[in-house]
């Protein structure tokens with residue numbers, strides 16, 4: 001049977017371009033569109049796809065629900081999903097709930113929006129989707145949020161307490177442990193931690209890993225050097241300013257995301273401290289700006305694209321009659337060393 005990859009190869013374009021032409025979406029020139037449609041006709045692609053849909057009663061379309069597309073992780077996860085399904089001759093229908101824009105980091109209030117979520121699911125089901133991939137705005141428990149659905153569901157960047165559900169997330173504990181271990185072995189003893197919100201699962205796991213590393217390395221844990229922030233620049237900037245004004249001040253700071261780490265960088269500059277000579281700073285997420293700030297920020301990179309790909313892979317396995325044995329997947333993060341960290345000066 002002719003697939004979208006066959007059409008793309010014959011037309012010498014990407015599978016994404018073929019998908020855009022077939023779905024009349026995306027930025028495709030008229031010349032390219034006509035060329036692709038000619039190849040589609042020559043290979044009899046459309047008729048084969050329709051025939052396969054009729055035989056299998058499947059639309060080869062996956063519904064992708066994103067809690068908020070403006071959350072920086074979401075586009076990369078969606079791209080991972082999109083890339084995988086296109087390579088396997090499936091398509092996606094996308095829906096954005098805009099929960100962060102509406103409720104900020106108030107996850108409890110967002111979780112009560114089950115009516116909107118169920119309406120979204122109803123619309124997707126009316127379009128004959130074969131399954132749903134649900135992408136959380138933050139790694140957290142979303143048990144019962146979607147209700148009962150007679151389609152396969154895969155969760156990513158979130159999870160449920162049902163051990164029959166499929167979920168893909170990343171490991172928060174291990175990279176945070178590695179940060180603490182690295183800072184102590186580099187000679188640091190006065191190490192500050194700027195955490196996220198207390199109701200956040202990633203914040204809890206990162207704090208647990210980081211503090212366990214300090215304990216295992218025999219470093220003292222000073223509670224005065226642990227500050228709770230709200231994931232935003234302003235709260236971290238203020239907390240870091242307080243830390244740098246104190247005596248003794250920290251020689252290293254681990255901020256639980258890059259946005260907060262930027263607040264620490266600016267606070268250090270305002271305090272007359274040179275990074276990393278006077279203070280080492282580490283973030284988390286490897287956001288694009290971490291490569292362009294000065295000095296470049298040492299950080300942790302979660303596998304967002306791979307999470308999207310794995311979510312799509314598991315979904316397609318289920319749709320093709322397989323039943324993956326492993327229900328919960330935890331992927332590894334990558335440590336990205338840059339110029340904002342260094343050892344203690346003698």
Among the residues in region 170-184, are any surrounded by fewer than 18 Cβ atoms within 10 Å (Cβ to Cβ) and more than 24 Å from the chain's Cα centre (by Cα)? no
Could you please give the count of residues in region 126-151 that are part of a strand (DSSP E or B) and within 23 Å of residue 82 (Cβ to Cβ)? 5
How many of the residues making up region 217-232 are under 23 Å from residue 200 (Cα atoms) and either exposed (fewer than 14 other Cβ atoms within 10 Å of the Cβ) or in contact with a helix residue (DSSP H, G or I) (Cβ under 9 Å, 6 or more places away or on another chain) (or both)? 11
Taking the condition touching a residue at least 60 places away in the same chain (Cβ under 8 Å) and surrounded by fewer than 22 Cβ atoms within 10 Å (Cβ to Cβ), does residue 141 pass? yes
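Yes or no, residue by residue, for (1) at pLDDT 95 or above; (2) on the phi > 0 side of the Ramachandran plot; (3) in contact with a strand residue (DSSP E or B) (Cβ under 8 Å, 6 or more places away or on another chain); (4) surrounded by 20 or more Cβ atoms within 10 Å (Cβ to Cβ):
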position	(1), (2), (3), (4)
257	yes, no, no, yes
261	yes, no, yes, yes
264	yes, no, yes, yes
271	yes, no, no, no
283	yes, no, yes, yes
296	yes, no, no, no
299	yes, no, yes, yes
Would region 205-216 turn up any residue that is more than 21 Å from residue 257 (Cβ to Cβ) and surrounded by fewer than 18 Cβ atoms within 10 Å (Cβ to Cβ)? yes
Over region 202-232, the set of residues part of a loop (DSSP other than H, G, I, E, B) and under 13 Å from residue 254 (Cα atoms) is 229, 231
Just wondering, is there one or more residues in region 21-28 that are under 32 Å from the mean Cα position of the chain (by Cα), in the same structural domain as residue 90 (by TED's automatic domain parsing) and at pLDDT 75 or above? yes
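The values are calculated or read from the model by the stated rules, or taken from the named source; none is laboratory data. Just so it is clear, the model here is predicted, and its values are computed rather than measured. Note that each Cβ is placed from the backbone with ideal geometry, even for glycine, and that neighbours are counted across all protein chains shown.
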